Each structure stands twice: as structure tokens, then as C-alpha cells.
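Asks: Can you keep this structure in mind? I'll have questions shortly.
The values are calculated or read from the model by the stated rules, or taken from the named source; none is laboratory data. Here the structure is a predicted model, which is why all the values come from computation and not from measurement. Counting neighbours? That spans all protein chains shown, and the Cβs are built from the backbone with ideal geometry, glycine included.
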Amino acid sequence: MSIFSRIGDFISIMRGDHRYDDLVVWESEQAFWEKAKYRIPNLVPQHRVGRRRIDFAQLDTRLAIEVMGKRYHGGNTEESIEESWVSLVADWERGRELLKKGWIPVYFPAADCFSRPEYVVNEVLQIMKGLNRG
């Protein structure tokens, strides 16, 4: 990649040209994205790994950041508890698949991403810092 394309990317970002904004659809993910896109380098939403998509991928450290919402992981009725359990088991399987492909899955509750996005961004930055110490 030439220096001119990197400068062009920088100028696009500074002008407000956010090429990934349309990929972030859930409110909790949008709240996180609005804080993270300026602070976490090389962060890409809806990144494909094999046949799956990661909510957010930090490409340098290969962090797979997943936002876990009640819609898929919570409920009070017996039926919804069973559905939640099936969903949780699928998430564990997905996490193992990501690890096999060299990605590190990190999970955050949607409620934190929505109400405390700065906290989640700081957590991701701390994890990246720890990984870089190697």
C-alpha cells in the first residue's frame, strides 16, 4: 500500500467518510462503533471469517469482538430459556471455530455496548495492549 492511499484513507476518515457505518445496524453495535471507530485502529464491522461474520474485527491482533444481546441470549419463559441455551452452545462452538482460525473471540453484553460504549472501547484497548506485550 502506498503512502498516498494511506493519506487518502486518513483524509476520508477526517472528512466524515465512514465507509463501514452502513454495516452496523443494531443500536448497541452503533453506540460502540461511534466511539470505537476513532480509537481502535483497523477495526472493521461485520468481517467475514470463513462462512461466518464477526460483529467487529480488529485486524492487527485478530480480535473477534462479539456483541451479545438479550434477543439471542436471554429470556424468562421455559421455551426462551431452552432457546437461549441452544444459542449459547452455538456461540461456544463459534468461539472454538474462531480460535482454530487464529482469531481471539471477546464477548461484551449489548447493554454495556449501548449504555457504556466508552468502557467497552477501553476494555478492547487494554486487551490489545496485553496481546502486544506477548
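Asks: Would a scan of region 77-97 turn up a residue that is under 18 Å from Ala31 (Cβ atoms) and at pLDDT 90 or above?
Replies: Looking through region 77-97, none of the residues is under 18 Å from Ala31 (Cβ atoms) and at pLDDT 90 or above.
Asks: Could you check Ile127 against (1) in contact (Cβ under 8 Å) with a residue 24 or more places away in the chain; (2) surrounded by fewer than 12 Cβ atoms within 10 Å (Cβ to Cβ); (3) in a helix (DSSP H, G or I) and say which number it fails?
Replies: (2)
Residues checked against (1) at pLDDT 95 or above; (2) touching a helix residue (DSSP H, G or I) at 6+ places or on another chain (Cβ under 7 Å); (3) loosely packed, with under 11 Cβ neighbours inside 10 Å; (4) part of a strand (DSSP E or B):
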site: Ser5; (1), (2), (3), (4): no, no, yes, no
site: Ile65; (1), (2), (3), (4): yes, yes, no, yes
site: Tyr72; (1), (2), (3), (4): no, yes, no, no
site: Val106; (1), (2), (3), (4): yes, yes, no, yes
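Asks: Return only the number of the condition from (1) at pLDDT 70 or above; (2) more than 16 Å from the chain's Cα centre (by Cα); (3) surrounded by 13 or more Cβ atoms within 10 Å (Cβ to Cβ) that Lys35 does not satisfy.
Replies: It is condition (2) that Lys35 fails.
Asks: Right, Gly102: at pLDDT below 95 and of a type in the set (Gly, Ala, Ser) or not?
Replies: no
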